[in-house]
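Q: Below is a structure I'd like to ask you about.
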Amino acid sequence: QLQLQESGPGLVKPSETLSLTCTVSGGSISRNNYYWGWIRQPPGKGLEWIGSMYYSGSTYYNPSLQSRVTISVDTSKNQFSLKLSSVTAADTAMYYCARSVVVPAAFDYWGQGTLVTVSS
Amino acid sequence: DIQMTQSPSSLSTSVGDRVTITCRASQSISSYLNWYQQKPGKAPKLLIYAASSLQSGVPSRFSGSGSGTNFTLTISSLQPEDFATYYCQQSYSAPFTFGPGTKVDIK
């Protein structure tokens, strides 16, 4: 059974960089035909796709965040990571990592989520 | 970006009722429409992908239909565990966007 688990600091100061890692177990991140992505949800609000990547390194970002986002993969550790720079209070959210099949790009496996608060 | 809207935003209903939620896209997305269920404090769960395909393990009382810009999620007979928030999501083109959600609660 595929499992995803987010990890990283729960508190980040304004203007600093948010860094999260998603560890995948029960399956290889290097399998063909899957994207690995990040989605966030501010408290009490809806879902926002941040970006996705293929194990080969190809990345797709939400244009609204593209200038601040980097998603990378470490296939040797079966992990992928999110970095979001210059954070503000508006970046406070539950951050989820998830897998999607390339087509039709539905997110079929999700991590439990990790709450990141941006505050001094 | 493709904008997604959902109606209603919330509905109060009873166990055993038939529930229909509508999702509309700002442009044609063919059948690239997915539905998720989210319960408080939990990650979203994929119910329906490609507009009408039932995700493995999801009860058959859930069904999806539509193509182009108009889509529906139907729960044929609402069960106690179905009280949750439901989101649609388009996967036709990046950025992949979600609808604002429909909260289904107990009347």
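The values are calculated or read from the model by the stated rules, or taken from the named source; none is laboratory data. Keep in mind that what you see is a predicted model, and the values were worked out from it rather than measured. So basically every Cβ, Gly included, is an ideal-geometry build from the backbone, and we count neighbours across all protein chains shown. Keep in mind that these areas ignore ligands, DNA and RNA; they rest on the heavy atoms of the full protein, side chains included. Shrake-Rupley method; radii C 1.70, N 1.55, O 1.52, S 1.80 Å.
Q: Among B:61-67, A:26-32, what's the highest-first ranking by average C-beta atoms within 10 angstrom per residue?
A: Answer by packing, highest mean first, reads B:61-67, A:26-32.
Q: Given that compact globular proteins tend to follow 2.2 N^0.38 Å, what is the ratio of the alpha-carbon Rg of the protein assembly as shown to that value?
A: 1.00
Q: Report relative contact order for chain B in percent, whole number only (criteria: Cα-Cα under 8 Å, sequence separation at least 6).
A: 39 percent
Q: Under a Cβ-only charge scheme (Lys and Arg +1, Asp and Glu -1), can you give me the dipole magnitude of chain A about the Cα centre, in debye to the nearest 20?
A: Roughly 60 debye for chain A.
Q: Ok, one more. Just round it to a whole percent: the fraction of Cα-Cα distances in chain A exceeding 19 Å.
A: When all Cα pairs of chain A are counted, 41 percent exceed 19 Å.
Q: Here is a further query. Provide a list, ordered by number, of residues in region A:42-63 showing at least 40 Å² less accessible area with every protein chain present than when their chain is taken on its own, using a 1.4 Å probe.
A: Output list: A:LEU47, A:TRP49.
Q: If you don't mind, there's one more thing I want to ask. Take chain A, connect every pair of alpha-carbon atoms lying under 10 Å apart with a spring to form a Gaussian network, then pick out the residue of A:PRO14, A:PRO63, A:PRO42 with the largest mean-square fluctuation.
A: Among A:PRO14, A:PRO63, A:PRO42, the largest mean-square fluctuation in the Gaussian network model of chain A belongs to A:PRO63.
Q: Heavy-atom accessible area per residue, region B:28-107, 1.4 Å probe: how many Å²?
A: On a per-residue basis, 41 Å².
Q: Which percent, to the nearest 5, of DSSP beta bridges fully inside the protein assembly as shown are antiparallel?
A: Bridges in the protein assembly as shown are about 90 percent antiparallel.
Q: Turning to a different aspect of this structure: Please compute, for peptide B:38-46, the average count of beta-carbon atoms on other protein chains lying within 10 Å of each residue's beta-carbon.
A: That works out to 5 on average.
Q: Calculate the radius of gyration of the Cα atoms of chain B to one decimal place, then report Dmax, the largest Cα-Cα distance, as a whole number, both in Å.
A: For chain B, the Cα radius of gyration and maximum Cα-Cα distance read 12.8, 37 Å.
Q: Let me check I've understood the local charge: for A:SER86, count other residues with C-beta under 14 angstrom from its C-beta, Lys and Arg +1, Asp and Glu -1. What total comes out?
A: Within the 14 Å Cβ shell, the charges total +1.
Q: Positive end of the dipole of chain B, charges at C-beta (+1 Lys, Arg; -1 Asp, Glu), about the Cα centre: which of B:GLY16, B:THR74, B:ALA43 has its Cα farthest in that direction?
A: B:GLY16
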